[in-house]
Amino acid sequence: MPYLNDMPLEARLAMLNRRDAGRQPQDILKPALALLAQKIALVSSFGAESAVLLHMVAQTATKTPVLFIDTMMLFRATLTYQKSLTKHLGLENVTHISPDPGRVFLQDNEGLLHQSNTDACCTLRKVEPLQQALTPFSAWITGRKRHQSTTRADMAIWEADETGRLKLNPLAHWSKDDINAYFETHNLPRHPLTDNGYPSIGCAPCTFRARPGMDDRAGRWPGQSKTECGIHLPVKPRNA
Ligand code: SF4
């Protein structure tokens with residue numbers, strides 16, 4: 001198959017990116033979900049724009065594994081939305097990923113690590129649990145878009161993570177207008193916080209409203225140089 005063949009990783013990524021350049025997200029997703037089946041997982045925050053990709057996946061294969069990272073620091077509204085959206089879309093294989101309770105007890109028993117060391121907190125509550133959960137998979141899907149921030153402006157459709165696992169960003173080239181149009185066309189329910197000025201929604205202590213005209217992700221860790229939680233830091237692909 002084109003996704004998991006013997007080509008060196010960089011050549012395989014180049015081939016996939018050439019093939020899928022200019023394709024609509026659904027046309028990128030369908031063959032990937034068909035050929036990779038249970039070897040590919042959608043990682044979703046069930047945040048502001050997550051419903052679009054979740055809907056596309058549900059339209060193609062409702063049993064696609066969906067990994068939802070519950071850091072135990074999310075807004076209550078996100079947990080409620082996750083349940084209702086899963087039911088609305090008919091997704092049949094959503095797994096909740098949580099940080100290891102023993103490690104949380106040792107490193108962040110009071111839930112205040114985010115105040116002193118956001119990188120350590122994200123590693124404990126997001127990066128490590130996701131790495132563990134992705135172990136059985138050869139590829140994963142994210143909902144990132146180039147328009148969300150300057151750090152995502154050059155993002156490819158196909159990337160690799162630090163382990164050499166394929167990472168698919170089918171919405172990479174979609175604009176805010178494309179996303180809004182898809183919500184309207186398919187009458188998708190919005191995360192309740194989007195009406196309150198949150199264009200990007202993560203953990204409650206680290207997510208703030210973004211002022212009009214700012215990047216969608218400007219409300220995430222404002223005042224810090226941090227722009228990513230660590231699960232999407234750029235990596236140099238290595239040959240696999
Ligand atoms: Fe911790 Fe904030 Fe990262 Fe959530 S976003 S894991 S609360 S530092």
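Could you check the stretch 144-161 and list, in sequence order, the residues that are among the basic types (Lys, Arg) and either over 14 Å from the mean Cα position of the chain (by Cα) or part of a loop (DSSP other than H, G, I, E, B) (or both)? Give the steps one after another, and end with the answer.
At the first step, the residues of the stretch 144-161 found to be among the basic types (Lys, Arg) are 144-146, 152.
Those that are among the basic types (Lys, Arg) and either over 14 Å from the mean Cα position of the chain (by Cα) or part of a loop (DSSP other than H, G, I, E, B) (or both): 144, 145.
Out of all the residues in the stretch 65-80, is one or more more than 26 Å from residue 209 (Cα to Cα) and either more than 12 Å from the ligand (Cβ to nearest atom) or at pLDDT below 95 (or both)?
Kept after step one, since they are more than 26 Å from residue 209 (Cα to Cα), are these residues of the stretch 65-80: 65-66.
Then keep just the ones that are either more than 12 Å from the ligand (Cβ to nearest atom) or at pLDDT below 95 (or both); that gives 65-66.
Taking every residue of the stretch 65-80 in turn, at least one turns out to be more than 26 Å from residue 209 (Cα to Cα) and either more than 12 Å from the ligand (Cβ to nearest atom) or at pLDDT below 95 (or both).
Scan 34, 48 and give me the residue that is among the aliphatic types (A, V, I, L, M) and modelled with pLDDT of 95 or more. Explain how you work it out, then say what you get.
Numbers: 48 fails: modelled with pLDDT of 95 or more.
It is 34.
Among the residues in the stretch 102-122, are any under 17 Å from the mean Cα position of the chain (by Cα) and either surrounded by 14 or more Cβ atoms within 10 Å (Cβ to Cβ) or among the aromatic types (Phe, Trp, Tyr) (or both)? Give the derivation first.
The first filter runs over the stretch 102-122 and keeps only residues under 17 Å from the mean Cα position of the chain (by Cα), leaving 122.
Imposing the further condition that a residue be either surrounded by 14 or more Cβ atoms within 10 Å (Cβ to Cβ) or among the aromatic types (Phe, Trp, Tyr) (or both) reduces the set to 122.
For the stretch 102-122, residues under 17 Å from the mean Cα position of the chain (by Cα) and either surrounded by 14 or more Cβ atoms within 10 Å (Cβ to Cβ) or among the aromatic types (Phe, Trp, Tyr) (or both): present.
Which members of the stretch 128-153 meet the condition of being buried (at least 18 other Cβ atoms within 10 Å of the Cβ) and among the β-branched types (Val, Ile, Thr)?
141, 142
The values are calculated or read from the model by the stated rules, or taken from the named source; none is laboratory data. Here the structure is a predicted model, which means the values were calculated and not measured. In this analysis, Cβ positions are derived from the backbone assuming ideal geometry, glycine residues included, and neighbour counts consider all displayed protein chains.
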